[in-house]
Amino acid sequence: MGGMNPTRHPRYARHRFPAEVISHAVWLYFRFPLSLRMVEEMLAARGILVSHETVRQWALKFGQSFANQIRRRLPAPGDKWHLDEVVISIAGEKHWLWRAVDQHGVVLDILVQSRRNAKAAKRSLRKLLKKQGIAPRVMITDKLASYAVAKRSVMPSVEHRQHKGLNNRAENSHQPTRRRECIMKRFKSAGQAQRFLSAHDQVANLFRRPANTNAVDHRRARARAFQVWAEVTGIASAA
């Protein structure tokens with residue numbers, strides 16, 4: 001950031017801080033398990049004095065927009081979808097986070113719901129199918145009977161495998177959410193959880209390190225991810 005001419009992208013009009021600072025703060029918040037106050041302190045260490053409340057407003061304003069653009073730039077999803085649901089506590093009440101990932105570990109969609117039944121499973125599948133625009137070849141879930149009911153209604157021609165051991169990929173994708181839950185001292189509302197995780201998972205997709213990647217390929221992929229981030233956030237024009 002140092003030595004660069006501040007970028008004046010129209011997206012950041014009326015903001016006191018330049019695009020580089022705002023995009024970096026948003027990246028820190030969604031990329032790593034950091035609280036708003038931690039982001040504030042990390043920026044302060046670089047001589048950038050901004051309040052944690054301002055960081056929160058930036059995340060709200062720009063997070064989903066960045067995530068939507070990232071989604072459009074990522075490769076097409078794989079044809080094998082793993083679906084799983086995990087309980088999360090929101091304002092003292094039990095909710096369920098429904099998540100779908102492909103065989104490469106890319107998060108396809110998430111949906112926070114208050115139920116774990118066939119109606120909720122159907123809603124999750126319909127939203128997923130609408131967002132992807134194409135059905136998978138195979139759908140893998142745990143033993144929850146609601147998935148079979150929903151699949152017959154929403155994706156009747158898709159092969160469905162129900163097996164606890166097959167679904168580790170989807171279960172593992174919940175781990176970053178658990179870490180964020182602790183950092184954020186639980187989500188305050190279902191809407192907050194949905195908004196945060198929708199943006200968080202797309203940023204994670206962009207910077208995800210695939211398994212069995214050597215150091216050279218990883219550095220190349222990371223450089224590409226940073227280039228996409230610069231284009232998405234409008235700071236690429238600063239170069």
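The values are calculated or read from the model by the stated rules, or taken from the named source; none is laboratory data. Every value quoted in this text rests on a predicted model; they were computed, and no experiment measured them. Note: ideal-geometry Cβ built from the backbone for every residue, glycine included; neighbour counts use all protein chains shown.
Observations on the structure shown:
- Only a single criterion out of (1) surrounded by fewer than 17 Cβ atoms within 10 Å (Cβ to Cβ); (2) within 14 Å of ALA193 (Cβ to Cβ) is not satisfied by ILE110, namely (1).
- All conditions in (1) surrounded by fewer than 21 Cβ atoms within 10 Å (Cβ to Cβ); (2) modelled with pLDDT of 95 or more hold for LEU125, with the sole exception of (1).
- All helices (runs of 4 or more DSSP H) inside the range 133-239 with 1 or more residues being aliphatic (A, V, I, L, M) and either surrounded by 17 or more Cβ atoms within 10 Å (Cβ to Cβ) or at pLDDT 90 or above (or both): 145-154, 168-172, 190-207, 215-233
- Any hit, the range 36-51, residues being in a loop (DSSP other than H, G, I, E, B) and under 15 Å from the mean Cα position of the chain (by Cα): no
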